[in-house]
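Bear in mind that the values in this text are calculations on the coordinates, not laboratory data. All of these numbers come straight from a predicted model, not from anything done at the bench.
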Amino acid sequence: MTDTPTPARRTSRALLALNGALLALLGLVTLGPDARAQGGSPDRVPGEYVLVGGDIPFGDSNAIYILDSANQEMVAIRWTPSSGASGRLDAIGYRNLRDDAAARTGR
């Protein structure tokens, strides 16, 4: 008698090999170096965000103000609808609140 592998045994061996390869890939990705964007600059801490909706003095839409209190920055954006169900977010402005506070005390 010859010991020929059955289709179920071949399938399970292929799945074991695939799981081993995926586990090795996961290990490489997890233990590999950080991406450049994840390093960040040493003087920038992770943000703490607050979102506030409000009116804007122009146009017929409202604004979303995003405040990063940890880095003292603020961004204003608005939703611009387009044809159909889609639309886009448009940047209105950016302020560095730390610079604004420093300029205010210099008066």
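Suppose we look only past 12 Å in the calculated P(r) of region 58-105. What percent of the Cα-Cα pairs does that tail hold?
67 percent
Residues with amide H under 5 Å of GLU73's amide H, sequence separation 5 or more or different chain, H placed in the peptide plane at 1.01 Å from N; which?
The list, which skips near neighbours in sequence, is ASP68, LEU97.
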